[in-house]
Amino acid sequence: MFDRLSAYAPQALAVLRIMTALLFLAHGTQKLLGFPAAEFAPPAFSIFWISGLIEIVTGVLIAIGFFTRPAAFLASGTMAVAYWMAHAPVNFFPANNGGDAAILFCFVFLYLIFAGPGAWSVNKS
């Protein structure tokens, strides 16, 4: 049975890539565009504003599967920095410091660096 499921691995990878990128994109639009509604708008060119810009650009690139590996590299690094700068100082445990999403984004994007975009991408490498 699992052998038959393996035939759909490229499509499953694409679904993971697209959904993760769309969620990541939403974090960027929240920071820069206030949608969905945000608690605060970061000042232009601050580190939070730059991270929002990275989230929008890499989110779009990863979602469509264009320059997936370099975009995933940048997105993964951004989330690692975000975790260690904003979440880890608050509390050691990710469930307590609100950094579990940053960790998950970081490692999914790290996986995409090696796996590539999968099916349904603008470029296949």
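Data overview
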quantity	calculated
Residue in the stretch 69-81 that is outside any loop (DSSP other than H, G, I, E, B), basic (Lys, Arg) and modelled with pLDDT of 95 or more present	yes
Odd one out for Ser121 among (1) in a helix (DSSP H, G or I); (2) within 15 Å of Met19 (Cβ to Cβ); (3) among the polar types (S, T, N, Q)	(1)
Test: residue in the stretch 49-66 that is crowded, with 16+ Cβ neighbours inside 10 Å, part of a loop (DSSP other than H, G, I, E, B) and not hydrophobic (A, V, I, L, M, F, W, C)	yes
Subset tally (residues that are of a type outside the set (A, V, I, L, M, F, W, C), in contact (Cβ under 8 Å) with a residue 24 or more places away in the chain and closer than 18 Å to Cys106 by Cβ) for the stretch 26-71	10
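The values are calculated or read from the model by the stated rules, or taken from the named source; none is laboratory data. Everything numeric in this text was worked out from a predicted model, so none of it was measured. Backbone-built Cβ (ideal geometry, glycine too); neighbour counts: all protein chains shown.
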